[in-house]
Every structure is written in structure tokens, then in C-alpha cells.
Amino acid sequence: MDLDDDLPRKGDDPLARLLKQDLGPLSVAELETRIAALEAEIGRTRAKIESAADHKANAEALFKR
């Protein structure tokens, strides 16, 4: 399985564009800023996953009564 198999198929998908960007022209400072932004986005995404899981668990608990 190719790693690209997990990527969205739309050519204009922001994640696909991000992964294809050439990092060569970026300075160390720009790369560090990029890493910080990506780490913040990972945190935001993890928080959303946790919120969705909590919401699902609460809904399931409500309907099991």
C-alpha cells in the first residue's frame, strides 16, 4: 500500500497541496514556524477527535437508558 492511498483524492485538497509543497526554498526560521503551526493544528485536530468521541459516548449512554 502506498502512503498516498490514505490521502484525499481531490486535487485541490489543502492537505494534499501542503504535502506536495517544496520545502527547499524555506529558511530554517520559516521551517520552524511551519512546524509550530502544524503542531498547533495537530493539537486542534486531536481536541476535535476527543470532543467527537465524548459526544458519541454521551449519546450512546443517553440511548442505553
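Within the range 1-35, the set of residues being in a helix (DSSP H, G or I), of a type in the set (Asp, Glu) and modelled with pLDDT under 95 comprises 4, 5, 6. Of the set (1) among the hydrophobic types (A, V, I, L, M, F, W, C); (2) assigned to a helix (DSSP H, G or I); (3) at pLDDT 95 or above; (4) exposed (fewer than 10 other Cβ atoms within 10 Å of the Cβ), all apply to residue 63 but (3).
The values are calculated or read from the model by the stated rules, or taken from the named source; none is laboratory data. Remember, it's a predicted structure, so these values are computed and weren't measured experimentally. FYI the Cβ positions are ideal-geometry reconstructions off the backbone, even for glycines, and counts take in every protein chain you see.
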